[in-house]
1. Find the Rg to Rh ratio for the range 62-142, where Rh is the Kirkwood radius over alpha-carbon pairs and Rg uses the same atoms.
2. How do 108-116, 29-37 rank on mean C-beta neighbours within 10 Å, highest first?
3. Which peptide among 16-28, 194-206 comes first, and what is the full order, when sorted by highest mean count of other Cβ atoms within 10 Å?
4. Just round it to a whole percent: the fraction of Cα-Cα distances in the range 25-178 exceeding 25 Å.
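Values quoted throughout were computed directly from the atomic coordinates according to the rules given, and no laboratory measurement underlies them. As the structure is a prediction and not an experimental result, all values here were calculated from the model. All Cβ positions, even for glycine, are placed from backbone atoms using ideal geometry, and neighbour counts span all protein chains on display.
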Amino acid sequence: MKRINTPRRTASLASQLVDSLRSHIEAGGWPVGTRIPPEQALMEELGVGRSTLREAIGALVHLGLLESRIGDGTYVRASSELQSVMVRRASSAERDNVLELRTVLEEYASGAAALRRDEDQLRQLRELLADADAACAGRDRSAAAGVDALFHRAVVRASGNDLLIEVYDYLGTALTASPGGLPWDVAGAEEHARLHTRLVDAIEARDAGGARDAAAAIVQLTRDHEAGTPRGPEGR
């Protein structure tokens, strides 16, 4: 049977730009959470008009890769459509369900990391602990939250489970973000730092059970903080 000839189509400039910007985001050119360059700068860099750029940006906002914030610019929300769907689903779930999922993923990942980590990964965890201490000392909530997210991603990556790493990366900040922020009361902050140090110590000692316990305790601390339950040395 003779096949029907497929008509030739030339993609519009806006469609080509959508594909180009999507590839740039997927490759990490604009990391998740960062603000993309201003409109005028992009027009000059890409050699396109304002209407073409806005059409492409609008398409990526619709796909969930970008998020437009009035008066603040446009931010990268996800690196792929799949990540966008997963983040949106996690963001709409009950917070307790999100924290339970985080416990499952991080508890397993921490135990696996204790058994599989290499020296470079261990060194990175120690460096991130130091960065977190510096951010907390300066009471920079944004920096502290960013370092905390990087720390937990580093633990998951040390697990050596590629599928787990991919799922965790897709869920991203929907798992680690806390509506109330990190525990900034003195007792809570000290406990937060102590548990993270305990987790890294267990990973260094290849103590899988200890690592899992520390990971679960970290999420429980977050749960207690969001519920307004005081935590400290006496509440361990």
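1. 1.06
2. Values: 108-116: 21.7, 29-37: 14.3.
Order by mean packing, descending: 108-116, 29-37.
3. 194-206, 16-28
4. 40 percent
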